[in-house]
Amino acid sequence: TSALNAVLRNHPDLALCDVKEPHFFDTEANFRDQPDYAAYHAQFPERPDALMTEEATPDYLWWPPALSRIRAYNPAMRFIVLLRHPVDRAYSQWTMASTRGREPLAFEDAVAADLAQLEARKPYSRAQKAYVARGLYSGQLARLLQLFPRDQLHVVKSEDFRTHARPHLIEICDFLGVRRAAPDDQPHLFANTYKQSMSADMRQRLLAFYASETDAIEALLGWDCSDWRV
């Protein structure tokens, strides 16, 4: 999402939020009373020539109340969703949280706590990382599609974007209804630096956990996710 946001920020028809992730719709304090949309709008540049505004907060897909709030704000909202190999996504999120001092648990312990919560069917709090649960994409997409028409959703596999961004950027421009504008070169991609690799045993355990979820994504999106099985 960081790479895509960086590319779209240069698009002549789009006015992007001053910060990448404003977290307006997934911040509970913003909706205790009437939401202050003026404060949200103030985070976007004044661009009378722009056809559309854009922001990039991945948590909107994950945090259940966010999508219904977005629908109340604008039922015509369009969504671009990038989905990454769920095991790699979980480890990347943990690495970022651990590096920033926000996660004291080892990856194996954090995963065990997450799996136990899922098995107990306990709801997550806003502060929880949900390393494993956030990779259960099909349920999150189903929740979105209960609120918005399918033609307002464009889904991209992150691994494909990583290797062949340009055709995806052209599709995204068409989806948004703006001019086709894409860099000639593959955009710079942002990635965590791993001090150590995930253990082979943990990877196999998570691949087994996500097997049925990967089946569901293939059926829902018509994708070949064989690369998500290794």
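The table that follows gives values for the structure above.
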quantity: Subset of the range 7-23 (residues that are open to solvent by less than 50 Å² (accessible area, probe 1.4 Å), more than 15 Å from the chain's Cα centre (by Cα) and more than 17 Å from Arg179 (Cβ to Cβ)); calculated: Cys17
quantity: The range 41-58 - residue that is in contact with a helix residue (DSSP H, G or I) (Cβ under 7 Å, 6 or more places away or on another chain) and open to solvent by 20 Å² or more (accessible area, probe 1.4 Å) and, of those, nearest to Asn5 (Cα to Cα); calculated: Glu54
quantity: Residue match in the range 45-61 (condition: in a strand (DSSP E or B) and more than 19 Å from Leu153 (Cα to Cα)); calculated: no
quantity: Positions within the range 95-109 being under 17 Å from Ser199 (Cα atoms) and either among the acidic types (Asp, Glu) or open to solvent by 30 Å² or more (accessible area, probe 1.4 Å) (or both), in sequence order; calculated: Ser98, Leu105, Ala106, Glu108, Asp109
quantity: Residues of the range 170-219 satisfying the condition of being open to solvent by less than 50 Å² (accessible area, probe 1.4 Å), assigned to a helix (DSSP H, G or I) and under 30 Å from Leu16 (Cα atoms); calculated: Ile170, Ile172, Cys173, Phe175, Leu176, Ile217
quantity: The range 149-169: number of residues that are part of a helix (DSSP H, G or I), open to solvent by less than 40 Å² (accessible area, probe 1.4 Å) and more than 22 Å from Thr95 (Cα to Cα); calculated: 4
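The values are calculated or read from the model by the stated rules, or taken from the named source; none is laboratory data. Computed from a predicted structure; not experimentally measured. Note that each Cβ is placed from the backbone with ideal geometry, even for glycine, and that neighbours are counted across all protein chains shown. Surface accessibility is based on the protein's heavy atoms, side chains included, excluding ligands, DNA and RNA. Shrake-Rupley method; radii C 1.70, N 1.55, O 1.52, S 1.80 Å.
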